[in-house]
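I have placed the structure first, in the form of structure tokens, so that the comments after it can refer back to it.
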Amino acid sequence: MNDWQSWAAIVVFTGTYALIISEKVHRVAAALGGAGLMLAIGATDDVSAFYSEDSGIDWNVIFLLMGMMMIVGVLKKTGIFEYLAIWAVKRAGARPFRVMVMLIVITAVASALLDNVTTVLLVAPVTLLVCERLALPVAPFLIAEVLASNIGGTATLVGDPPNIIIASRAGLTFNDFLVHLAPLSAFLIVVLIALCRFLFRKTFVYDADRAAEIMELDEREVLKDRRLLAQGLAVLLLVVAGFVLHPVLYMEPSIVALLGAGLLVAVSSVRTGDVLTEVEWPTLAFFAGLFIMIGGLIDTGVIGQVSKALADTIGSNEAGGSMVLLGASAVLSGVVDNIPYVATMAPITQDLVHQMGGGADHVLWWALALGADLGGNATAIGASANVVVLGIAERHRQPIGFWQFTKYGLVVTAVTVALSAGYIWLRYFALA
């Protein structure tokens, strides 16, 4: 990594990241500007940026988001999110902390069955309405849900995109993830709830008058178009089935989402233009710019050098290596999106597994998955779900700043990664 392009790519990436952190420049403008500079200095080119599976824009992520945003946009017109908001608040007795616990659990379970990005797209509109009804600040509830989505997504093969990459490279099954990571994920959700009770303690102010008003509401009255609701839910169920059957159908989630969106627009009376206005285009543009910048780091060998240094540090010590891989993955996934990070580290981890005699318990793979998935909670741009929720909040004039998210994300990441280190040590080494 001695050529000027490598160092220039590092300067561009760190400079862009600094602008995003400072919030003096809008994150979309910063990301697109950084992507343009990466192309200008030759760190990457148009072929790599737009067509490469390894170092370009991940179109599967972009079109998955687009398809699900369109489906959610149609469902919003039916009143279903208002219905769910009133239902959730009434079941929780309009107590703010109970509401947050309910939303955390729902988000975590849904993120294990769907992917976490799809989950936050569905839950965020409900949260906005819940907070409006209870006159509560939106940011703590949305942040808690994002953290829950990344922890819940750790539990299964389909819950978080990095898990799909790991499963493909390591030959792991859906049941492997359930057996090894689901118990820890469930425990970490309980820990998250306890942390949220402390971190957001000033948020949980009970308003008896508002609570009484909400308890008297009939949630069924807010449903506007039952025919469209039936069509939307039917398509959503088909899309969810497509996600779950991904290992059997061999169809990318992005294709499933786009087919579902197209089908829903075709069978319903909603105009295509109205549906497209619901797409969070700035969020998609931010992802495109971020992918191109990270691609520049990959193409110039920067990420490869970091990964190689990590591999050299680990050597043949499986126990120590697992801890290093877990910690390093958590740190790096908080800085760059965890999808390209895992795509880069997967072949290196595979070589390490072979060097250590096969690793029958797959401990290095679990360390990589936990570090990448949980490390995504560390910063506002560490995981796709984080960026999506920040975009939704901004669109509804409830912006969440980089540091506003990160100051909570860092605490949760530190605690969950530390507990994961203890879990790995006990299960695979101390008690083995």
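For the chain, modelled as a GNM whose springs connect Cα atoms under 10 angstrom apart, the maximal fluctuation among Val61, Val190, Val256 occurs at Val190. Solvent-accessible area per residue in the chain equals 41 Å², computed with a 1.4 angstrom probe and all protein chains kept.
Label the stretch 143-245 by shape, choosing from rounded, prolate and oblate, from the square roots a ≥ b ≥ c of the eigenvalues of the Cα gyration tensor; if a/c is under 1.5 it is rounded, and otherwise prolate applies when a/b is larger than b/c, oblate when it is not. Note, shape of the stretch 143-245 comes out oblate. For the stretch 241-312, the square roots of the Cα gyration tensor eigenvalues, ordered a ≥ b ≥ c, give a/c of at least 1.5 with a/b no greater than b/c, which places it in the oblate category.
Computed from label points 7 Å out along Cα-Cβ, the spacing between Leu431 and Val47 is 5.2 nm.
Sorting the segments 317-329, 35-47 by their mean number of nearby beta carbons within 10 angstrom, highest to lowest, gives 317-329, 35-47.
Each 10 Å bin from zero up to the one holding the largest Cα-Cα distance in the stretch 63-113 carries the following percent of pairs: 22, 40, 33, 5.
For the modelled label position 7 Å from the Cα of Val11 along Cα-to-Cβ, which residues of the stretch 268-311 have backbone nitrogen atoms closer than 12 Å? Within reach of a label on Val11: no residues.
The ellipsoid equivalent to the alpha-carbon distribution of the stretch 195-256 has semi-axes of 37, 24, 7 angstrom, derived from the gyration tensor eigenvalues as √(5λ) and listed largest first. Each residue, Glu216 and Trp4, gets one label point 7 Å from its Cα in the Cβ direction; the gap between the two is 7.4 nm. Remark: the Ser168-Val205 segment gains 8.7 nm on full extension, using 0.36 nm per residue and subtracting the alpha carbon distance. Only helices enter the 222 nm calculation for the chain: every DSSP H run of n ≥ 4 contributes -39,500 (n - 2.57), and dividing by all residues gives -24500 deg cm²/dmol, rounded to 500.
In this structure, Lys76 and Val244 have a Cβ-Cβ separation that, at R0 = 30 Å, corresponds to a calculated FRET efficiency of about 0.80. What does the net charge come to around Gly232 if you take all other residues with beta carbon closer than 11 Å to its beta carbon, with K and R at +1 and D and E at -1? Here the count lands on +3.
Each semi-axis of the equivalent ellipsoid for the stretch 121-182 is √(5λ) with λ an eigenvalue of the Cα gyration tensor; in descending order they amount to 32, 9, 8 Å. When the accessible area of the chain is computed with all protein chains present and a 1.4 Å probe, what percentage of it is carbon and sulfur? In the chain, the share of accessible area belonging to carbon and sulfur is 64 percent. Other residues lying with their Cβ under 15 Å from the Cβ of Gln305 contribute a combined charge of -2, Lys and Arg counting +1, Asp and Glu -1.
Per-peptide packing, taken as the mean over residues of other Cβ atoms within 10 Å, places 170-183, 269-282 in the sequence 170-183, 269-282 from highest down.
Legend: calculated FRET efficiency, Lys308 to Trp87, from the Cβ-Cβ distance at R0 = 45 Å, rounded to 0.05, equals 0.30. Among the listed pairs Lys24/Lys76; Lys24/Lys407; Lys90/Lys224, a Cα-Cα separation exceeding 22 Å is found for Lys24/Lys76. Among the trypsin sites (Lys or Arg not before Pro) within the stretch 370-416, those in coil by DSSP and having at most 12 neighbouring Cβ atoms inside 10 Å are Arg397.
Which one is right for this structure if semi-axes √(5λ) of the Cα gyration tensor in Å is calculated from it: (1) 37, 31, 19; (2) 35, 25, 21; (3) 57, 27, 18? Label of the calculated value: (2). Mind putting together the pair-distance distribution for the stretch 64-162? All Cα pairs, 5 Å bins, whole percent per bin, short to long. Cα pair-distance distribution for the stretch 64-162, in percent: 2, 15, 24, 24, 21, 11, 4, 0.
For Phe187 and Val411, the FRET efficiency from 1/(1 + (r/R0)^6), where r spans their Cβ atoms and R0 equals 22 Å, is about 0.80. Under the criterion of Cα pairs below 8 Å and six or more residues apart, the relative contact order for the chain equals 24 percent. Each residue, Arg397 and Trp281, gets one label point 7 Å from its Cα in the Cβ direction; the gap between the two is 2.1 nm.
The values are calculated or read from the model by the stated rules, or taken from the named source; none is laboratory data. Keep in mind it's a predicted model, so treat the numbers as computed, not measured. Positions of Cβ are backbone-derived with ideal geometry, glycine not excepted, and every protein chain shown enters the neighbour counts. Please note that ligands, DNA and RNA were not included when accessible areas were found on the heavy atoms of the full protein model with its side chains. Shrake-Rupley method; radii C 1.70, N 1.55, O 1.52, S 1.80 Å.
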